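Below is one structure, written out as structure tokens; the observations come after it.
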């Protein structure tokens, strides 16, 4: 039986009115964003992204549970990303592999769709196909004045390269990953960290990877994450060589992940 934790997650985000009362990307209230293109069955992206078919179904229920949980008078819009999860993530742990969560810094995209656009591409086996799909998804969004692309091809390819390196030899584990933002409420830090604790409690990961130089480890440890891993975000300022000149952090992180994967298989 599938775990319905994403519905609990949606209710949490709804009570906090993360996207306001009409903003949640690609819901019945908003269908013109680039995320709707990714989830559109007719585009056929699920031929290349193994988790997309189940995510499409989960996301429809996620949106419904979110709107049903909104408090009266909710209306303020935030621009945080919607989370993305692989097809294996919500399965009971006895039936699935190691459950891993990845937290990025925060969304720079006003449509809050960069996480569910970047990270599904990491399941695509070849960089050529990931590039092709990413370029198509990165075209100008409809309804924007002036027209705006959700991301540049350099960004999503940098993320694809870093994630494929981290999971090299264990690429199947990419379907057991949950992706989200650390910072969802930049104007209210105390409320933000409380929300993050509740989110971690719901998703109950075995390992957490933080895409940031510093990850507010105390928040993760308070939520029960004993040893979070870190790399700089693979694109933007995080890809500046001065932050990791020899890519040592990336290499060390891959070694830690491989150790976790090996221990999980041996358990």
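Each reported figure results from applying straightforward, stated rules to the coordinates on display, with no laboratory input. Values in this document were obtained by computation on a predicted structure and should not be read as measured data. Positions of Cβ are generated from backbone atoms using ideal geometry, with glycine treated the same way; all protein chains shown enter the neighbour counts.
Tell me, in nm to one decimal, what length is gained between residue 76 and residue 8 on full extension, where the rule is 0.36 nm per residue of separation less the Cα-Cα distance?
Details: separation 68, 0.36 × 68 = 24.48 nm, distance 2.14 nm.
That works out to 22.3 nm of additional length.
Taking R0 as 22 Å, what's the FRET efficiency between residue 266 and residue 227 from their Cβ-Cβ distance, rounded to 0.05? Present the calculation step by step, with values, prior to reporting the outcome.
Details: r = 18 Å, r/R0 = 0.84.
For R0 = 22 Å, the calculated efficiency reads 0.75.
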### Query
What nm value, rounded to one decimal, do you get for the distance between residue 191 and residue 15 when each label is placed 7 Å out toward the C-beta?
1.4 nm
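So how much slack lies between residue 252 and residue 41, counting 0.36 nm per residue of separation and subtracting their Cα-Cα distance, in nm? Please report the intermediate quantities before stating the final value.
Details: separation 211, 0.36 × 211 = 75.96 nm, distance 3.87 nm.
Here the answer is 72.1 nm.
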